[in-house]
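Asker: Encoded as structure tokens, here's the structure I'll be asking about.
The values are calculated or read from the model by the stated rules, or taken from the named source; none is laboratory data. It should be emphasised that the depicted structure is a prediction, and the values quoted were computed from it without experimental measurement. Neighbour counts run over all protein chains shown; Cβ positions are idealised from the backbone, glycine included.
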Amino acid sequence: MKTTVTTLALATLIILTPLATTPADLEKMAVRQSAMKFIGAQMRQLSGMARGQSDLNAPYVAAVGSSIAIIGDSLSLWFDDLPEGYPHADSEALPVIAANRDAFLAQAEKMADAGRAMASAPDALAASFQSLSSTCRSCHSQFRM
Ligand code: HEC
């Protein structure tokens with residue numbers, strides 16, 4: 001029974017592969033968009049602290065820096081094997097990501113490094129917030145519509 005299910009699943013995969021987007025692609029899209037939304041929400045919180053509009057909460061800053069580092073280090077999983085004809089209509093990921101994968105991953109690494117720097121010196125948020133924000137802009141300007 002298990003073999004039949006596996007065979008069926010494989011057959012379905014093979015049949016679906018030529019299509020532009022498979023259920024697995026849609027799941028990856030949902031995961032990376034949620035991760036980006038999470039980062040965006042944290043950055044809005046941090047921006048007030050970085051400008052001195054709200055009290056600096058060092059443990060929170062450190063936690064955000066570490067979370068962003070983890071996301072940066074795992075972005076490759078959620079942008080791999082972008083199929084022909086990508087992107088999906090609901091995605092803002094540009095098709096050039098596939099052809100420029102190394103450059104894309106280098107941008108992800110810069111964000112992860114900036115997150116680690118923020119986590120290791122949370123009191124220096126004013127500076128680390130600027131460096132981290134510049135990694136967002138840099139990647140989006142090349143790889144996001
Ligand atoms: C390595 C490249 C890269 C870096 C670095 C990056 N992003 Fe993104 N971001 C993307 C791509 C590509 C998309 C579009 C994803 C999709 O729609 O499939 C995106 C989408 C988003 C979205 C929209 C999510 C949605 O679907 O509503 C937000 C918000 C966002 N990013 C925030 C940030 C912030 C804040 C940072 C920096 C701390 C950042 N991103 C760093 C590549 C990057």
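Asker: Considering each of Ser131, Ser54, Ser91 in turn, give the residue that is within 11 Å of the ligand (Cβ to nearest atom), in a loop (DSSP other than H, G, I, E, B) and touching a helix residue (DSSP H, G or I) at 6+ places or on another chain (Cβ under 6 Å).
Answerer: Values: Ser131 fails: in a loop (DSSP other than H, G, I, E, B); Ser54 fails: within 11 Å of the ligand (Cβ to nearest atom).
Just a single option satisfies the conditions, and that option is Ser91.
Asker: Moving on to the next point. So Thr4 passes all but one of these: (1) surrounded by 15 or more Cβ atoms within 10 Å (Cβ to Cβ); (2) modelled with pLDDT under 95; (3) away from the ligand (no atom under 13 Å from the Cβ); (4) of a type outside the set (Lys, Arg). Which condition number does it fail?
Answerer: (1)
Asker: Every residue in the stretch 34-51 that is out of contact with any helix residue (DSSP H, G or I) (no Cβ under 9 Å at 6 or more places or on another chain) and under 25 Å from Leu77 (Cα atoms), please.
Answerer: Ser34, Lys37, Ala41
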